[in-house]
(Lines give C-alpha, C1' and ligand atoms only; values in the text may rest on other atoms or scores of the structure.)
Protein backbone atom coordinates (compact mmCIF):
# COMPACT_ATOMS: atom_id res chain seq x y z
CA UNK A 1 0.00 0.00 0.00
CA UNK A 2 1.33 3.47 -0.91
CA UNK A 3 1.41 5.97 1.92
CA UNK A 4 0.08 9.19 0.33
CA UNK A 5 1.15 11.46 3.21
CA UNK A 6 4.71 10.12 3.11
CA UNK A 7 4.79 10.49 -0.68
CA UNK A 8 3.58 14.11 -0.46
CA UNK A 9 6.16 14.84 2.22
CA UNK A 10 8.94 13.42 0.04
CA UNK A 11 7.74 15.43 -2.99
CA UNK A 12 7.68 18.56 -0.85
CA UNK A 13 11.20 17.91 0.43
CA UNK A 14 12.48 17.29 -3.09
CA UNK A 15 10.80 20.48 -4.33
CA UNK A 16 12.43 22.46 -1.50
CA UNK A 17 15.78 20.83 -2.32
CA UNK A 18 15.41 21.57 -6.04
CA UNK A 19 14.61 25.22 -5.32
CA UNK A 20 17.59 25.45 -2.99
CA UNK A 21 19.83 23.89 -5.63
CA UNK A 22 18.63 26.35 -8.24
CA UNK A 23 19.22 29.17 -5.77
CA UNK A 24 22.74 27.93 -5.07
CA UNK A 25 23.53 27.81 -8.80
CA UNK A 26 22.11 31.30 -9.27
CA UNK A 27 23.98 32.92 -6.40
CA UNK A 28 27.27 31.11 -7.05
CA UNK A 29 27.04 32.39 -10.63
CA UNK A 30 26.31 35.88 -9.36
CA UNK A 31 29.26 35.71 -6.97
CA UNK A 32 31.56 34.53 -9.79
CA UNK A 33 30.36 37.36 -12.04
CA UNK A 34 30.93 40.03 -9.42
CA UNK A 35 34.40 38.66 -8.66
CA UNK A 36 35.42 38.66 -12.33
CA UNK A 37 33.71 41.78 -13.62
CA UNK A 38 36.59 44.08 -12.65
CA UNK A 39 39.15 42.16 -14.68
CA UNK A 40 37.02 41.73 -17.79
CA UNK A 41 37.48 43.70 -20.99
CA UNK A 42 33.82 43.23 -21.83
CA UNK A 43 32.02 44.18 -18.63
CA UNK A 44 28.59 44.70 -20.19
CA UNK A 45 28.77 41.44 -22.12
CA UNK A 46 29.88 39.49 -19.04
CA UNK A 47 27.17 41.02 -16.88
CA UNK A 48 24.39 40.57 -19.45
CA UNK A 49 25.48 37.06 -20.43
CA UNK A 50 25.73 35.96 -16.82
CA UNK A 51 22.35 37.45 -15.96
CA UNK A 52 20.63 35.79 -18.92
CA UNK A 53 22.29 32.42 -18.25
CA UNK A 54 21.52 32.44 -14.52
CA UNK A 55 17.95 33.64 -14.97
CA UNK A 56 17.33 31.20 -17.81
CA UNK A 57 18.59 28.27 -15.74
CA UNK A 58 16.33 29.19 -12.84
CA UNK A 59 13.25 29.71 -15.03
CA UNK A 60 13.76 26.45 -16.92
CA UNK A 61 14.49 24.62 -13.67
CA UNK A 62 11.39 25.95 -11.97
CA UNK A 63 9.27 25.16 -15.03
CA UNK A 64 10.46 21.60 -15.60
CA UNK A 65 11.26 20.48 -12.08
CA UNK A 66 8.65 22.33 -10.05
CA UNK A 67 5.95 23.23 -12.57
CA UNK A 68 3.49 20.42 -11.78
CA UNK A 69 1.63 22.06 -8.92
CA UNK A 70 1.54 25.33 -7.09
CA UNK A 71 2.51 23.61 -3.85
CA UNK A 72 5.72 22.29 -5.37
CA UNK A 73 6.42 25.68 -6.90
CA UNK A 74 5.88 27.40 -3.56
CA UNK A 75 8.19 24.99 -1.72
CA UNK A 76 10.82 25.40 -4.45
CA UNK A 77 10.57 29.16 -4.13
CA UNK A 78 10.95 28.82 -0.38
CA UNK A 79 14.14 26.78 -0.90
CA UNK A 80 15.45 29.45 -3.29
CA UNK A 81 14.74 32.23 -0.76
CA UNK A 82 16.36 30.26 2.08
CA UNK A 83 19.55 29.87 0.03
CA UNK A 84 19.46 33.60 -0.78
CA UNK A 85 19.12 34.48 2.90
CA UNK A 86 21.91 32.13 3.95
CA UNK A 87 24.22 33.38 1.19
CA UNK A 88 23.55 37.03 2.08
CA UNK A 89 24.25 36.46 5.75
CA UNK A 90 27.34 34.40 5.01
CA UNK A 91 28.76 37.07 2.72
CA UNK A 92 28.00 39.82 5.24
CA UNK A 93 29.69 37.91 8.06
CA UNK A 94 32.69 37.00 5.89
CA UNK A 95 33.05 40.61 4.79
CA UNK A 96 32.93 41.86 8.39
CA UNK A 97 35.53 39.34 9.53
CA UNK A 98 37.82 40.27 6.64
CA UNK A 99 38.02 36.74 5.25
CA UNK A 100 36.85 37.89 1.83
CA UNK A 101 39.45 39.69 -0.21
CA UNK A 102 38.76 41.69 -3.31
CA UNK A 103 40.32 40.29 -6.46
CA UNK A 104 42.36 43.50 -6.77
CA UNK A 105 43.94 42.74 -3.35
CA UNK A 106 45.64 39.62 -4.73
CA UNK A 107 49.20 39.89 -5.91
CA UNK A 108 49.51 39.48 -9.69
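The values are calculated or read from the model by the stated rules, or taken from the named source; none is laboratory data. What you are looking at is a predicted structure, and each value in this text was computed from that prediction instead of being measured. For neighbour counting, all protein chains shown are included, and Cβ atoms are generated from backbone atoms with ideal geometry for every residue, glycine included.
Annotations
- When segment 51-68 is filtered for residues that are part of a helix (DSSP H, G or I) and more than 13 Å from the chain's Cα centre (by Cα), the ones remaining, listed by number, are 52, 60, 63, 64, 65, 66.
- Count - residues of segment 18-52 that are in contact with a helix residue (DSSP H, G or I) (Cβ under 7 Å, 6 or more places away or on another chain), surrounded by fewer than 14 Cβ atoms within 10 Å (Cβ to Cβ) and modelled with pLDDT of 95 or more: 0
- The residue of segment 22-47 that is farthest from the chain's Cα centre (by Cα), among those that are more than 20 Å from residue 94 (Cβ to Cβ) and touching a residue at least 40 places away in the same chain (Cβ under 8 Å), is 39.
- Every condition in (1) surrounded by 15 or more Cβ atoms within 10 Å (Cβ to Cβ); (2) at pLDDT 90 or above holds for residue 66 except the one numbered (2).
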